[in-house]
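One structure below.
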Amino acid sequence: TSIVTTANFSQTNNCAGSVAAHSSCTLNVKFSPTTTGARSGSLTITDDNHGVSGSTQTVTLSGTGLAAIAVTLSPASASLALSGTHLFTATITNATNTALNWYVNGVLNGNASQGTLTGSGLTRTFKAPTVNVPAPNPAVIKVASVADPTKFKTANVTVTTTIALTLSPSSSSRALGS
């Protein structure tokens with residue numbers, strides 16, 4: 001018995017040698033398109049069907065290759081002070097499910113110590129922590145496809161501390177040599 005696929009199809013099976021009458025074996029066919037669009041192929045089994053050596057049974061296979069999901073995130077980097085905010089925009093293409101998950105340093109939607117993300121759809125506003133810079137800094141904003149989490153983009157946000165400095169007196173006069 002031989003089992004062969006063509007084109008963008010492959011197969012695995014547990015059909016060791018011949019299959020006895022009233023028995024069965026399992027064939028698994030996988031579609032792995034190399035381009036987009038309609039694809040066709042076949043699965044051909046050559047055996048001794050009904051005692052006829054070399055008889056073939058052919059199954060026509062078809063599938064549609066889709067473009068890979070792509071995610072973008074803009075801007076790729078930002079810098080802001082504690083409590084500062086920055087708007088991020090994502091796009092997702094080639095996906096029927098366009099839902100996205102947003103993370104700050106691996107935390108879904110962030111938290112008070114890492115910074116938070118608020119908003120809906122394709123935009124989120126990042127708000128930096130109010131007291132301490134996140135660890136690690138820069139914070140990593142990640143947006144990932146819900147349908148395929150391996151499709152994601154990241155952006156780095158550097159959070160800086162600002163120090164207010166007041167000089168007193170604001171001006172002074174001195175005579176030379178004094």
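The values are calculated or read from the model by the stated rules, or taken from the named source; none is laboratory data. Values in this document were obtained by computation on a predicted structure and should not be read as measured data. Here Cβ is always computed from backbone atoms with ideal geometry, including for glycine, and neighbour counts include all displayed protein chains. Only protein heavy atoms, including side chains, enter the accessible area calculation; ligands, DNA and RNA are left aside. Shrake-Rupley method; radii C 1.70, N 1.55, O 1.52, S 1.80 Å.
Summary of values
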read-out	value
Eligible lysines near LYS127 by straight Cα distance, threshold 24 Å, same-chain separation 8 or greater	LYS142, LYS153
Total charge dipole magnitude, the chain, about the Cα centre, Cβ charges on Lys, Arg, Asp, Glu only, Debye to nearest 20	800 debye
Whole-Å distance, taken between Cα centres, linking the range 118-132 and the range 67-86	10 Å
Label corresponding to semi-axes √(5λ) of the Cα gyration tensor in Å when calculated from the structure given, among (1) 28, 21, 12; (2) 66, 15, 13; (3) 25, 21, 14	(2)
Karplus-derived 3J(HN,Hα), 6.51/-1.76/1.60, for each residue of the range 95-103, Hz, glycine and proline x	10, 6, 9, 9, 5, 10, 9, 10, 10
Accessible surface of the range 123-175, 1.4 Å probe, proportion on carbon and sulfur as whole %	53 percent
Which of SER168, ALA7, LEU82, positive extreme of dipole for the chain (C-beta unit charges)	SER168
Per residue accessible area in Å² of the range 103-152, where ligands, DNA and RNA are left out and the probe is 1.4 Å	50 Å²
Largest to smallest accessible area among ARG39, ARG124 [probe 1.4 Å]	ARG39, ARG124
For the chain, with +1 on Lys and Arg beta carbons and -1 on Asp and Glu, the positive-most of ILE45, THR93, GLY17 along the dipole	THR93
Amide H contacts of VAL146 (H built 1.01 Å from N, under 5 Å, at least 5 apart or other chain)	ALA99, LEU100, ASN101
